[in-house]
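Undergrad: Please read through the structure below; I'll follow up with questions.
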Amino acid sequence: MSHDFNERTLRRGTLSYKWDQGENLFGDPEVLPLWVADMDFKCAPAIVRAVNERAAQAIYGYTIRTEEYVQAITGWFRRRHHWDIDAAWLTDSPGVVPSLSIAVQSLTEPGDAVILQSPVYNPFYDVILKNGRKLAESPLLLKENRYEMDYDRLEELMKDGAKLLLLCSPQNPGGRVWTKEELVRLGDLCVKYDVKVVADEIHCDLVLPEHRHFPFASLSEAFAERTVTCLAPSKTFNIPGLQTSFTVISNRELKRKFDRMIEALGIGSVNFFGPSATMAAYNESEDWLDALLGYVKANQEFAVRYLDEHLPELTPVPSEGTYLLWVDCRKLSLSSAELKRLMYKEAKIAFNEGSLYGRNGEGFLRINLACPQDLLKEALDRFSSAVKNRGE
Ligand SMILES: Cc1ncc(COP(=O)(O)O)c(C=O)c1O
């Protein structure tokens with residue numbers, strides 16, 4: 001079945017977090033939003049059907065998770081990622097970020113050091129610092145325009161007593177899809193120093209054609225024993241507003257601790273639309289996802305070509321996964337505040353400004369490519385004119 005990702009759907013005035021905050025966040029309601037990781041594409045037809053059927057029931061009561069729902073999840077990971085997940089390892093959660101926070105709370109004590117690799121999705125900082133844990137930062141190394149892990153620094157932090165590592169795989173915002181070798185090398189260090197791992201693999205399905213995602217916990221029994229994997233259909237199928245996600249924890253003791261916190265917070269029940277949408281996604285929308293990945297790749301190639309032609313002083317970091325493009329703008333010699341001004345006031349567009357993801361993100365911008373190509377072009381045209389007219 002073919003899918004029309006070129007259709008420009010009007011999202012202004014729909015209570016959209018992405019489209020209806022122009023005035024509030026950027027000082028102008030007309031700013032074109034290519035920031036938060038939410039796609040401007042209609043969902044797969046099977047999901048729309050399933051949600052409409054649920055809505056038509058007209059009573060939105062408490063909802064159960066069924067055997068079929070669990071099988072939809074386990075079947076998907078077996079088919080797409082060659083990972084056999086036992087139903088007993090699953091816990092429902094309203095979101096990956098809540099799961100990250102609960103994992104930090106249940107697997108560490110206040111004051112413990114928790115490792116992250118920057119630049120990284122900004123809530124990673126919040127779930128460490130706002131839970132009273134200590135930030136142990138291992139900056140990624142940008143080598144030949146591709147991020148790599150700094151194993152020496154990671155080992156140093158582990159030797160110094162870090163208790164937990166937050167892994168972003170695939171990596172947001174840098175777009176790396178970590179290879180098996182890279183993950184095994186990281187995992188071996190975690191085993192050696194007895195560091196637990198929270199693997200945020202929400203972008204696992206958004207991997208561009210010649211790359212492969214390896215679930216960290218699937219790589220060895222020893223890795224699985226120390227890992228909480230956080231997953232969701234939300235990023236893959238553009239249903240983040242349904243607040244439906246889950247964790248996979250095979251170690252019974254870790255799972256008991258995690259589940260106890262979910263119960264203490266009273267957030268264990270599922271969203272009314274969640275299981276139906278998840279089943280429609282995982283059981284019936286694979287062709288939509290494959291078409292989407294082709295479209296995102298074409299958008300990435302388009303943006304890279306565009307920048308090369310019109311703004312050669314900017315260097316895009318090629319994405320292997322996610323629908324995000326991380327662009328090195330350091331040659332413009334602009335501060336974070338100046339880059340924001342250039343985007344919001346001059347160009348009237350909003351990409352994400354890089355320092356949000358860590359100090360080493362300063363001078364970078366993150367572009368959300370999951371939009372119709374003409375919208376992407378319009379945003380790049382506006383940005384390119386603003387860069388050229390700067391200072392006039
Ligand atoms: C790495 C990563 N984790 C988590 C999330 C959000 O997860 P949730 O909406 O389920 O809390 C995002 C959204 O962009 C993300 O990029």
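Undergrad: Taking GLY266 as the residue in question, decide whether it is without any contact (Cβ under 8 Å) to a residue 40 or more places away in the chain and either within 30 Å of ASN52 (Cα to Cα) or crowded, with 24+ Cβ neighbours inside 10 Å (or both).
TA: Values: without any contact (Cβ under 8 Å) to a residue 40 or more places away in the chain: yes; either within 30 Å of ASN52 (Cα to Cα) or crowded, with 24+ Cβ neighbours inside 10 Å (or both): yes.
Spelling it out, GLY266 is indeed without any contact (Cβ under 8 Å) to a residue 40 or more places away in the chain and either within 30 Å of ASN52 (Cα to Cα) or crowded, with 24+ Cβ neighbours inside 10 Å (or both).
Undergrad: Pairs please, first residue from the stretch 13-27 and farther than 18 Å from ALA370 by Cα and touching a residue at least 24 places away in the same chain (Cβ under 8 Å), second anywhere and of a type in the set (D, E, K, R) and assigned to a helix (DSSP H, G or I), Cβ atoms under 9 Å, 6+ apart in sequence or on different chains.
TA: These pairs meet every condition: PHE26/LYS340; PHE26/LYS345; GLY27/LYS345.
Undergrad: Taking interchain pairs and intrachain pairs at least six residues apart, which have beta carbon atoms under 6 angstrom, with the first residue in the stretch 338-356 and free of Cβ contacts under 8 Å to residues at least 40 places away in the same chain and the second among the small types (Gly, Ala, Ser) and buried (at least 22 other Cβ atoms within 10 Å of the Cβ)?
TA: These pairs meet every condition: SER355/GLY361.
Undergrad: Out of VAL197, VAL228, VAL207, I need the residue that is assigned by TED's automatic domain parsing to the domain that holds ASP259, surrounded by 23 or more Cβ atoms within 10 Å (Cβ to Cβ) and touching a residue at least 60 places away in the same chain (Cβ under 8 Å). Which one?
TA: VAL228
Undergrad: Further, regarding this structure: Would you be able to tell me the number of residues in the stretch 147-183 that are farther than 15 Å from VAL195 by Cβ and of a type outside the set (D, E, K, R)?
TA: Within the stretch 147-183, residues that are farther than 15 Å from VAL195 by Cβ and of a type outside the set (D, E, K, R) number 12.
Residue-wise test of (1) of a type in the set (Gly, Ala, Ser); (2) at pLDDT below 95.
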| site | (1), (2) |
| --- | --- |
| GLU313 | no, no |
| ILE349 | no, no |
| ASN360 | no, no |
| ASN368 | no, no |
| ASP374 | no, no |
| ALA386 | yes, no |
| ASN389 | no, yes |
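The values are calculated or read from the model by the stated rules, or taken from the named source; none is laboratory data. These numbers were taken from a predicted model, which means no experiment stands behind them. Using ideal geometry, Cβ is built from the backbone for each residue, glycine included, and neighbour counts are taken over all protein chains shown.
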